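The values are calculated or read from the model by the stated rules, or taken from the named source; none is laboratory data. Just so it is clear, the structure is predicted and the values come from calculations on it, not from any experiment. Note: ideal-geometry Cβ built from the backbone for every residue, glycine included; neighbour counts use all protein chains shown.
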Amino acid sequence: MSPETCEHAGMKIPKPLPEPMGGAPFTVQEALDAGVTRRRLRHRALDSPSRGIRRPELATVTALSDQVRPFTVVTEFSAASHATAFVLWEFPGFHPDADSRAVHISRPDTMAIPRRKGVVGHVGQFFEDEITWAEGLLITSRARTWLDCARRMSIDEITVVADHLLRRPRPEFEGRSEPYATPDELADMLDRHKGTPGIRKARLALEQARIGSDSAQETRLRLALERAGLPAPGLNVPTELSSGVVREPDLSYAEYRVGVEYEGDGHSEAAQIVRDIAREEDFARAGWRLVRISRRHMRNGARSAVVKVRSALIDSGWSPK
């Protein structure tokens, strides 16, 4: 019997691979360095998604970082970037390539563009702080990924990501106290890479980005309201409604005592419904009007949401100019 196989129920099965290669993609060189023979690497139970990479057919790995890592290792001086980095960083918003199975990797423009099966290759100029180590692989920084993705996104969706990077975190829930980026850092990223495809859209997005939105839908709602000529709202501003009662409406117009809440799918749960009722009662007792917006109000450019908020503002004394 070959040392590469073992007997089991009268059948030859391949010798187990060293961990973690039995459950996740790996490079051929990593396997050779671990003592795996080339003959074992040719076994039909191993798929080859790209040259120099092997993937066990029965691999149970689901983490995108584990799937992407071998592509960055086998291609020298490369890092996950563009749509792949967008997903790895868990950016909000819509990127047209986010669901693609192709892996996007980048390397310096002094080298050849990566060309291999399963890869969309890019080259560019990279400053030292634009490549970082995360999730076990090299990846473009959040700010650089934001700029790289601008070419394929709308201005509003680029703004959604900018708001995500700029927002103040909630340490008790997120384990961090600083935003992912500051407005100056995003502006500096644009100044570094003048002429980059998509940079004009990114500049416009940064101009309309604001600190305070907690979700993509809050950003989209804000943009729709401002575009419709409504006043600029406060964003998640702590508001004392009565002694000891402080609420943070998603958007607020303190001058007119109007608050706006975007309610996602989680607001249909029984416990959340009870909390929502209590919140609305707090606003009502303080003489505020609370406008509740759901996904259906966001259709067709958030027209229904705009109508609801405009009506509440007018009823509260606001006059359109």
For ILE113, state whether it is in a loop (DSSP other than H, G, I, E, B) and either of a type in the set (A, V, I, L, M) or farther than 19 Å from GLN67 by Cα (or both).
-> yes
What's the number of the condition SER319 fails, among (1) without any contact (Cβ under 8 Å) to a residue 12 or more places away in the chain; (2) assigned to a loop (DSSP other than H, G, I, E, B); (3) buried (at least 16 other Cβ atoms within 10 Å of the Cβ)?
-> (3)
Counted residues in the stretch 147-180 being part of a loop (DSSP other than H, G, I, E, B) and either surrounded by 20 or more Cβ atoms within 10 Å (Cβ to Cβ) or of a type in the set (Ser, Thr, Tyr) (or both) come to 5
Quick one: would you say LEU223 is in contact with an Asp or Glu (Cβ under 7 Å, 6 or more places away or on another chain), at pLDDT 95 or above and either surrounded by 18 or more Cβ atoms within 10 Å (Cβ to Cβ) or closer than 18 Å to ALA162 by Cα (or both)?
-> yes
Could you tell me whether any residue of the stretch 195-207 is more than 30 Å from LEU251 (Cβ to Cβ) and in contact with a strand residue (DSSP E or B) (Cβ under 9 Å, 6 or more places away or on another chain)?
-> yes
Output the qualifying pairs, or none if there are none: Cβ atoms under 6 angstrom, residues six or more apart or on different chains, first residue in the stretch 161-186 and of a type in the set (Phe, Trp, Tyr), second residue assigned to a helix (DSSP H, G or I).
-> TYR180/ARG142; TYR180/LEU165
Say whether the condition of being assigned to a loop (DSSP other than H, G, I, E, B) and surrounded by 18 or more Cβ atoms within 10 Å (Cβ to Cβ) is met by at least one residue in the stretch 64-73.
-> no
Give me a count of the residues in the stretch 31-63 that are farther than 19 Å from LYS117 by Cα and either surrounded by 16 or more Cβ atoms within 10 Å (Cβ to Cβ) or in contact with a Leu (Cβ under 7 Å, 6 or more places away or on another chain) (or both).
-> 5
Any chance you could count how many residues in the stretch 133-146 are among the hydrophobic types (A, V, I, L, M, F, W, C) and part of a helix (DSSP H, G or I)?
-> 2
If GLU90 passes every condition in (1) surrounded by 15 or more Cβ atoms within 10 Å (Cβ to Cβ); (2) within 19 Å of GLU135 (Cα to Cα); (3) not hydroxyl-bearing (Ser, Thr, Tyr) but one, which one does it miss?
-> (1)
Selected residue (criterion: nearest to SER65 (Cα to Cα)) from residues of the stretch 18-46 that are assigned to a strand (DSSP E or B) and hydrophobic (A, V, I, L, M, F, W, C) | PHE26
List the number of the failed condition for ASP191; all other conditions in (1) part of a helix (DSSP H, G or I); (2) at positive phi hold.
-> (2)
